[in-house]
């Protein structure tokens, strides 16, 4: 088993693509069903962690902005760690992620365990 | 109460109180002396009451005799005097003569201190349960052995090893500080729930003993609720959970000790009073911002007190299982979640999810698959039930699977 991080990104600026409150409500169930399905296979590598949506970005010359959204359309909506055999299996799991329904995407990265550790 | 039932009853209710108070006073190194004094007290009661009749206030009589025996013991035993008086004087410097305080406050304090002592993580969970039954619930070694389906020697050794370990580690019998309560309440609740499960899921044929185990677990949990320092949301949630489960005690076993599955239970046998109490504790548990696994399990058990199959019921149960699994994986929760999924989204979708579970050494897994395939592909259903039968260990499990197989054969 390897550990993979799934990073959820979504356009949170363009008004037309934002979910309605009703859609937001029903998306909670979609997320819970998807996460419950992964947990039922014992494939969560770490406890789930929610992240605040606002954020700060620090740049050169101590330039601090509130969140990355001014310049890039795609913001990180969250991330989670899973334990699966390989990229193929991670991809299969990510295909069920509800963020895809809102035009978002899931980036998958495998944890690299360095030699000697 | 009949005269011949009085003493066993008092033994059950008072033995543990006096032992706790004595242990609280004497400290971990002298548990056996505490047990001897209390056993001796009950022996005196047995002898004297049969000759002179039962005193007007039997409990007060026991307390007075226990107090006197303690006093005498302290006076008489020189070695004890040297070893113990120092410790007692240290912990109670003002007392001229050690008086055993059997006030209800000190009894509650002592029992709380003892719960935290017995549930110390330096001893294994199974030892904690055995020791809790022995010291906190007044169960004899034979009863504990019957409950665990093992023999006296095993339990005797287990309890003595646990006591020795607590002594070597010099565990203090004291009131847990708020900090300790935060850090260790989880362990205590785990032990209480294990104790309950031991009674609830035991394959022992002794129904009275099983009920006693459940009742004792609930009593210990209630003790934690009575104490303001430990009256936390998770404790209320655990008591709610145990109330809901035990409300089905009469309905889930038939006259010959066989388990009756939830779906086949006669709901008129469900205990309404326990269901109501469970609802009260569940509502008391919904404070604070932390959701424990007991909250989720109590929620699931609450929905099971509604016999009727509704989408609302199973959708709630599914979401609670989702949250429970996200919080902490267990194979049984994974299987039950898939069952709830079948109830909300249909068997076909549940089969897809079930086949991802990878629990191929678990007979419940094959029973679930057998159940899901029933009506969709009965040949496959039969295969799964047969695999389940091969993997099942107990006669109770095997007989349930056989019933399922027979049902399938009738339908074919």
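The values are calculated or read from the model by the stated rules, or taken from the named source; none is laboratory data. On a predicted model such as this, the values are computed, not experimentally measured, just so you know. Every residue, glycine as well, gets a Cβ built from its backbone with ideal geometry; the counts of neighbours run over all protein chains shown.
Is it true that residue B:217 is over 15 Å from the mean Cα position of the chain (by Cα), in a helix (DSSP H, G or I), crowded, with 16+ Cβ neighbours inside 10 Å and free of Cβ contacts under 8 Å to residues at least 60 places away in the same chain? Before you say what the answer is, go through the steps one by one.
Numbers: over 15 Å from the mean Cα position of the chain (by Cα): no; in a helix (DSSP H, G or I): yes; crowded, with 16+ Cβ neighbours inside 10 Å: yes; free of Cβ contacts under 8 Å to residues at least 60 places away in the same chain: yes.
When the stated conditions are applied, residue B:217 does not pass them.
Please give the number of the condition residue B:361 fails out of (1) under 30 Å from residue B:205 (Cβ atoms); (2) part of a helix (DSSP H, G or I); (3) free of Cβ contacts under 8 Å to residues at least 40 places away in the same chain.
(2)
Check residue B:301 against each of (1) within 14 Å of chain A (Cβ to nearest Cβ); (2) out of contact with any strand residue (DSSP E or B) (no Cβ under 9 Å at 6 or more places or on another chain); (3) part of a helix (DSSP H, G or I) and name the one condition it does not meet.
Checking residue B:301 against (1) within 14 Å of chain A (Cβ to nearest Cβ); (2) out of contact with any strand residue (DSSP E or B) (no Cβ under 9 Å at 6 or more places or on another chain); (3) part of a helix (DSSP H, G or I), the one that fails is (1).
How about segment A:9-117: which strands (runs of 3 or more DSSP E) wholly inside it have at least 1 residues that are closer than 30 Å to residue B:333 by Cβ? Don't jump to the end; show me each part of the working.
Details: elements: A:56-59, A:63-66, A:74-84, A:105-110.
Hits in segment A:9-117: A:74-84, A:105-110.
Among the listed residues B:200, B:193, which satisfies the condition of being at pLDDT below 90, surrounded by 16 or more Cβ atoms within 10 Å (Cβ to Cβ) and closer than 30 Å to residue B:288 by Cα? Write out each step before concluding.
Working: B:193 fails: at pLDDT below 90.
Testing whether each residue is at pLDDT below 90, surrounded by 16 or more Cβ atoms within 10 Å (Cβ to Cβ) and closer than 30 Å to residue B:288 by Cα leaves just B:200.
Yes or no: segment A:100-113 includes at least one residue that is more than 14 Å from chain B (Cβ to nearest Cβ) and over 16 Å from the mean Cα position of the chain (by Cα).
Taking segment A:100-113 as the starting set, the residues that turn out to be more than 14 Å from chain B (Cβ to nearest Cβ) are A:100-113.
From the residues that got through so far, the ones that are over 16 Å from the mean Cα position of the chain (by Cα) too are A:112-113.
Yes; the residues of segment A:100-113 include at least one that is more than 14 Å from chain B (Cβ to nearest Cβ) and over 16 Å from the mean Cα position of the chain (by Cα).
Here's the yes/no breakdown for (1) surrounded by fewer than 15 Cβ atoms within 10 Å (Cβ to Cβ); (2) outside any helix (DSSP H, G or I):
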| site | (1), (2) |
| --- | --- |
| B:309 | yes, yes |
| B:316 | no, no |
| B:324 | no, no |
| B:333 | no, no |
| B:348 | yes, no |
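Of the numbered conditions (1) more than 27 Å from residue B:255 (Cβ to Cβ); (2) more than 14 Å from every other protein chain (Cβ to nearest Cβ); (3) assigned to a helix (DSSP H, G or I), residue B:375 satisfies every one except a single condition; which is it?
Going through the list (1) more than 27 Å from residue B:255 (Cβ to Cβ); (2) more than 14 Å from every other protein chain (Cβ to nearest Cβ); (3) assigned to a helix (DSSP H, G or I), residue B:375 breaks only (3).
Inside segment B:279-298, can you point out the residues that are closer than 22 Å to residue B:339 by Cα and either away from every other protein chain (no Cβ under 13 Å) or outside any helix (DSSP H, G or I) (or both)? Lay out the reasoning, then the answer.
The initial filter retains those residues of segment B:279-298 that are closer than 22 Å to residue B:339 by Cα, namely B:293-298.
Listed by number, the residues that qualify are B:294, B:295, B:297, B:298.
Only one residue in B:341, B:359 is modelled with pLDDT of 95 or more and within 12 Å of another protein chain (Cβ to nearest Cβ). Which one? Let's see the steps before the verdict.
On the way: B:359 fails: modelled with pLDDT of 95 or more.
Answer to the selection: B:341.
Every residue in segment B:378-412 that is over 21 Å from residue B:254 (Cα atoms) and surrounded by fewer than 15 Cβ atoms within 10 Å (Cβ to Cβ), please.
From segment B:378-412, those over 21 Å from residue B:254 (Cα atoms) are B:378-391, B:408-412; that's our starting set.
Scanning segment B:378-412 gives B:379, B:386, B:390, B:409, B:410, B:411, B:412.
Exactly one condition in (1) assigned to a helix (DSSP H, G or I); (2) touching a residue at least 24 places away in the same chain (Cβ under 8 Å); (3) within 14 Å of another protein chain (Cβ to nearest Cβ) is false for residue B:353; which is it?
Here residue B:353 meets the rest and fails (2).
Let's see how each residue does on (1) within 14 Å of chain B (Cβ to nearest Cβ); (2) surrounded by 15 or more Cβ atoms within 10 Å (Cβ to Cβ); (3) within 30 Å of residue B:341 (Cα to Cα):
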position	(1), (2), (3)
A:23	no, no, yes
A:26	yes, no, yes
A:43	yes, yes, yes
A:58	no, no, no
A:61	no, no, no
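Residues in segment B:107-128 that are within 14 Å of the chain's Cα centre (by Cα), in a helix (DSSP H, G or I) and under 11 Å from residue B:187 (Cβ atoms): how many? Before you say what the answer is, go through the steps one by one.
The first filter runs over segment B:107-128 and keeps only residues within 14 Å of the chain's Cα centre (by Cα), leaving B:115, B:118-119, B:125-128.
Narrowing the set further to residues that are in a helix (DSSP H, G or I) leaves B:115, B:118, B:125-128.
With under 11 Å from residue B:187 (Cβ atoms) added as a condition, the list becomes B:115, B:118, B:125, B:128.
Total meeting the criteria: 4.
Within segment B:313-326, can one find any residue that is more than 12 Å from chain A (Cβ to nearest Cβ) and without any contact (Cβ under 8 Å) to a residue 60 or more places away in the chain? Break it down stepwise before answering.
First pass over segment B:313-326, keeping only residues more than 12 Å from chain A (Cβ to nearest Cβ): B:313-314.
Subset that is without any contact (Cβ under 8 Å) to a residue 60 or more places away in the chain: B:313-314.
Yes, segment B:313-326 contains a residue that is more than 12 Å from chain A (Cβ to nearest Cβ) and without any contact (Cβ under 8 Å) to a residue 60 or more places away in the chain.
Name the single residue, out of those in segment B:1-52 being in contact with a helix residue (DSSP H, G or I) (Cβ under 8 Å, 6 or more places away or on another chain) and not in a helix (DSSP H, G or I), that is nearest to residue B:71 (Cα to Cα).
So the residue we want is B:27.
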